[in-house]
Structure formats: structure tokens, C-alpha cells
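Read the structure below first, then the notes.
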Amino acid sequence: MRQLLLLRHAKSSWDDPALSDHARPLNARGRRAAAAIAQAMRELGLAPDIVLVSSARRTLQTLESLTPFDDPALVEPMDALYLAPWRGILAAIQEVPETARSLLVIGHNPGLHELAMALAGIDEGLAAMGRGGLTARRLSEGYPTGALVEFSIASPWHLLEPGGGRLIRFIQPRDLLAADTTETIG
């Protein structure tokens with residue numbers, strides 16, 4: 001079995017209108033969310049062999065928040081992942097060496113959300129009616145910044161197709177940050 005992790009970049013800043021979209025950095029909320037996701041990944045033992053990351057500043061800064069991994073990962077920044085459609089992201093995944101057991105892709109919506117839905121075989125209408133489980137329903141409702149989806153993949157990377165992933169978990173930063181706040185206040 002292979003592990004596929006799809007991470008949407010954390011919340012970015014719109015403070016400087018002179019910056020191009022590609023150059024926008026993380027804002028303070030995004031840095032906190034990325035740190036919370038990094039902690040959750042460590043606690044769950046989610047350590048990729050390979051990281052494919054969009055070349056946008058906000059995705060690279062999200063990656064910086066996750067590192068160092070327990071075991072060194074091969075990191076490949078890719079211009080092709082910047083605002084890529086889901087089929088483009090899938091094509092990049094299909095090029096990953098078969099020796100990789102765990103892959104992390106850090107990118108953007110709507111491509112990541114659409115890819116996650118396609119891999120899980122989630123029909124939005126059925127998920128809205130509560131079919132497919134709570135995780136599938138939550139995923140169908142949206143893919144916020146900083147959210148992480150984990151899939152178990154049975155096929156070789158080059159044969160990965162829609163419906164080819166088993167949805168393991170969907171982690172949203174707000175859930176992690178709310179838990180931290182509750183523990184601190186309570």
C-alpha cells in the first residue's frame with residue numbers, strides 16, 4: 001500500500017496588492033495553521049518520501065512549516081502545480097517513482113479538492129445526503145486552506161485513476177486549533 005497526502009497551502013496574505021498571486025506569503029493565521037498541521041502529521045507518523053510542491057511562495061512556506069521530516073524527503077518544487085487542475089495534479093502523481101511509499105502534494109484549490117473528490121469516488125449529491133461516511137461528507141463540503149487529506153493507494157502510482165484512493169482522514173486546521181484553545185481555556 002502507498003500513502004498519498006494532499007495538503008492545501010495555508011492561509012495567505014492579501015496585504016500587499018502589488019504582489020503577484022504567485023508571490024503572496026502566508027499570513028499569521030496561515031503560519032499557525034501550518035504549524036498545527038505539522039504537529040498533527042508528526043503525531044500521526046505521516047512522513048513522506050517525496051514532496052511535490054507548487055512553486056508559489058505560500059506553498060513553499062507551508063512546506064517550510066512542516067520540515068524537517070523525521071526522515072529526509074525528496075522535495076520537488078513544480079511550476080506545473082501552481083493553480084493546476086486536478087487532472088494536471090494527477091498526471092504529476094503518476095510520474096512519481098514506484099519506489100516511493102509515501103507522497104505529499106502541496107498545492108491549490110480548486111484542483112486539490114477536485115482531485116481528492118475524484119480519488120475518493122465521492123459523488124457530491126450522495127455525500128450531502130450522508131452517504132459515504134462523515135469524512136467523505138466533510139470533504140465534499142469544502143477543502144479549506146491548510147487542510148490535509150490522507151489516502152491509501154493500492155495501485156502503482158502510474159496506474160492511479162479516479163476512484164483509486166481509500167480515504168483515510170481529512171484534517172482541517174480549525175479542528176486542531178480549536179482543540180488547542182479548548183485545552184488552554186478549560
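Throughout, read-outs are computed from the coordinates displayed, never taken from laboratory work. Not measured: the values here are computed from a predicted model. A quick note on method: Cβ atoms are made from the backbone with ideal geometry, for glycine too, and the neighbour counts reach across all protein chains shown.
Just to be sure I understand the model, the point goes 7 Å from the Cα along the line to the Cβ. What's the resulting Thr99 to Asp71 distance in nm?
With each label placed 7 Å out from Cα toward Cβ, I get 1.2 nm.
Please state the relative contact order of the chain as a whole percent: Cα pairs under 8 Å, 6+ residues apart? Numbers along the way, then the final one.
Details: 355 pairs, mean separation 55.3, N = 186.
About 30 percent, as a whole number.
Starting from 0.36 nm per residue, how many nanometres of slack lie between His22 and Leu44 once their C-alpha separation is accounted for?
Working: separation 22, 0.36 × 22 = 7.92 nm, distance 3.08 nm.
Taking 0.36 nm per residue and subtracting the Cα distance, the gain is 4.8 nm.
I'd like the antiparallel share, as a percent to the nearest 5, of DSSP beta bridges with both residues in the chain.
Antiparallel bridges: around 45 percent, rounded to the nearest 5.
For the residue pair His158 and Glu141, what label-to-label distance in nm results when each label sits 7 Å from Cα along the Cα-to-beta-carbon direction?
Taking the two extended label points, one gets 4.1 nm.
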